[in-house]
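The values are calculated or read from the model by the stated rules, or taken from the named source; none is laboratory data. In this text the structure is predicted, and so the values were computed from the model without any measurement. Virtual Cβ from ideal backbone geometry, glycine too; neighbours counted across all protein chains shown. Just so you know, the surface numbers come from the protein's heavy atoms only, side chains and all, with ligands and any DNA or RNA stripped out. Shrake-Rupley method; radii C 1.70, N 1.55, O 1.52, S 1.80 Å.
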Amino acid sequence: MLQNGVTQIAVLDTSAACHMPDVLEMPYRPPLYGAKEPGELPCAVRLGGPTCLAGDVIGEYSFAAPLREGDLLLFGDMAIYTMCKNNTFSGMPLPGIFVLRDGKRLQCLKKFEYMDFRQRLGRQDSRSRHICTRS
């Protein structure tokens, strides 16, 4: 948790710029399970991402208790734009794809690794020697 004047800031392991581009482009404030509008609950926090982009801010929320390192924050209504417009700006990994089963069991469907990043850059593996030339 960081403090900037009277504003509490939590830097998350997710990024508006990389994983939630509609937050910056629309603008759009995604619903957050257990959180309310600023001022409705005692602990107001600005949620931001870890990239070098100054505007990597998800939004202002309030919570019943202060956030702690390791808390799970569950954003709703993010799948469509998150999956088709995400990027790896500033070295951010792509978000994993999870499904919540029976309202309590979180199942990982896909986790992206470094090789996925490499393939997005056009490199299939270390043996690839494809060179693009202009004609």
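How much solvent-accessible surface does residue 25 expose, in Å² to the nearest 10, with a 1.4 Å probe and all protein chains in place?
Looks like 120 Å² after rounding.
Have a look at 29, 120, 101 and tell me which one the Gaussian network model of the chain (Cα, springs below 10 Å) gives the largest fluctuation.
101
Which whole-angstrom value gives the distance between the alpha carbon centres of the stretch 40-115 and the stretch 1-28?
The stretch 40-115 and the stretch 1-28 have Cα centres spaced 10 Å from each other.
Would you grab the residues whose amide H sits under 5 Å from the one on residue 44? Only those 5+ places off in sequence or on another chain, please, with H modelled 1.01 Å from N.
Result for residue 44 returns 63.
Please work out how much length the chain gains when fully extended from residue 121 to residue 4, using 0.36 nm per residue of separation minus the C-alpha to C-alpha distance, in nm with one decimal.
Value of the extension gain: 38.4 nm.
Could you list log10 I(q)/I(0) for the stretch 51-119 at q = 0.11, 0.24 Å⁻¹, which the Debye formula gives when each Cα is one point scatterer?
Reported log10 I(q)/I(0), two decimals: -0.38, -1.40.
Around residue 98, under 12 Å between beta carbons, what's the net of Lys plus Arg minus Asp minus Glu among the other residues?
Numbers: positive: 101, 105, 110, 111; negative: none.
That works out to +4.
Give the carbon-plus-sulfur fraction of the accessible surface of the chain in %, rounded to a whole number; probe 1.4 Å, heavy atoms of protein chains only.
Accessible surface attributable to carbon and sulfur in the chain totals 55 percent.
Got the relative contact order for the chain handy, in percent, Cα pairs under 8 Å and 6 or more residues apart?
After rounding, I find 22 percent.
Identify which of 20, 78, 115 has the largest mean-square fluctuation in a Gaussian network model of the chain, with springs joining Cα atoms closer than 10 Å.
115
Before I look further, what does the chain give for accessible area per residue, probe 1.4 Å, in whole square angstrom?
Details: 9670 Å² over 135 residues.
Heavy-atom SASA per residue in the chain reads 72 Å².
If you place +1 on the Cβ of every Lys and Arg and -1 on the Cβ of every Asp and Glu, how big does the dipole about the Cα centre of the stretch 3-84 come out, in debye to the nearest 20? Could you put the intermediate results ahead of the total?
Details: 4 positive and 10 negative charges, 28 e Å.
Using only the charged Cβ atoms, the result is roughly 140 debye.
Using a Gaussian network model of the chain with C-alpha springs under 10 Å, which one of 33, 81, 61 is most mobile by mean-square fluctuation?
Maximum fluctuation in the GNM of the chain, among the listed residues, is at 33.
Hey, can you grab everything whose amide H is under 5 Å from the amide H of residue 59? Only 5+ residues off in sequence or another chain; H modelled, so Pro and N-termini drop out.
Under 5 Å from the amide H of residue 59: 47.
Please compute the Kirkwood hydrodynamic radius of the stretch 19-72 from all pairs of different C-alpha atoms, in Å with one decimal.
Over the stretch 19-72, the inverse of the mean reciprocal pair distance is 12.0 Å.
List the extent of the Cα atoms of the chain along each of their three principal axes, largest first, rounded to whole Å.
Each principal axis gives a Cα extent; for the chain these are 62, 39, 27 Å.
Per the helix-only calculation at 222 nm, which mean residue ellipticity applies to the chain, given -39500 (n - 2.57) for every DSSP H run of n ≥ 4 and division by its residues, nearest 500 deg cm²/dmol?
Calculated at 222 nm, the ellipticity per residue is -3500 deg cm²/dmol.
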